[in-house]
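Down below is the structure, laid out as structure tokens.
Read the figures in this text as sums done on the coordinates, not as results from a lab. Remember, it's a predicted structure, so these values are computed and weren't measured experimentally. Glycine gets a Cβ as well: all are built from the backbone with ideal geometry, and neighbour counts include every protein chain shown.
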């Protein structure tokens with residue numbers, strides 16, 4: 001199904017599946033209620049995870065800092081960006097702000113990724129920066145390769 005067909009179906013209220021964005025490997029959830037539910041589940045699970053480890057967790061997601069939580073314990077402070085996915089594949093996108101903040105805070109920045117978040121039984125990964133273009137989850141020995149992208153939005157005037 002191409003994006004135009006997906007849009008037409010969504011206008012009729014029947015399109016609730018993820019759309020695979022061509023060549024990116026990233027799936028977009030266009031059902032707003034599902035997307036919000038996935039995000040909320042991921043935030044709850046991340047907060048619970050760090051609190052169970054004895055961290056103090058402060059939600060800064062509304063402050064546009066480039067991460068969602070500031071967690072601290074015994075003088076250690078981490079900046080945690082949270083990503084929720086409805087599937088099992090761990091492919092994520094960072095906003096330009098998130099990516100810049102990750103680059104500027106390599107030692108403190110973590111990305112908490114919850115898979116199958118819509119089923120409330122998903123597995124999670126916590127990625128940290130390792131090397132030049134690698135994010136690694138030490139517990140599950142999973143790596144993500146960073147692919148930098150640039151883009152622009154072009155708008156006409158009225």
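Annotation: extensible slack from residue 133 through residue 121 equals 1.3 nm (criterion: 0.36 nm per residue apart, minus Cα-Cα distance). By definition, a body whose alpha carbon gyration tensor gives a ≥ b ≥ c is oblate when a/c is 1.5 or more and a/b is not larger than b/c, and the range 46-108 fits this oblate description. You can think of it this way: the chain between residue 107 and residue 74 has 10.3 nm of extra reach, that is 0.36 nm per residue less the Cα-Cα gap.
What residues from the range 41-71 fall in the zone where the backbone N is under 15 Å from a label point 7 Å along the Cα-to-C-beta line of residue 95? Counting only backbone N, you get 60-69. Among 58, 92, 111, the order by Cβ neighbours within 10 angstrom, fewest to most, reads 58, 92, 111.
Classify the range 31-145: rounded, prolate or oblate, from the alpha-carbon gyration tensor (a ≥ b ≥ c, eigenvalue square roots; a/c under 1.5 rounded; otherwise prolate if a/b is larger than b/c)? Rounded shape, in that the Cα axes give a/c under 1.5. Among 102, 43, the order by Cβ neighbours within 10 angstrom, fewest to most, reads 43, 102.
Going by how many other beta carbons lie within 10 Å of each one, how would you line up 85, 53, fewest first?
Values: 85 22, 53 10.
By the 10 Å Cβ count, ascending: 53, 85.
Overall form of the range 99-140: prolate. Here a/c, set by the Cα gyration tensor axes a ≥ b ≥ c, is 1.5 or more, and a/b is the larger of a/b and b/c.
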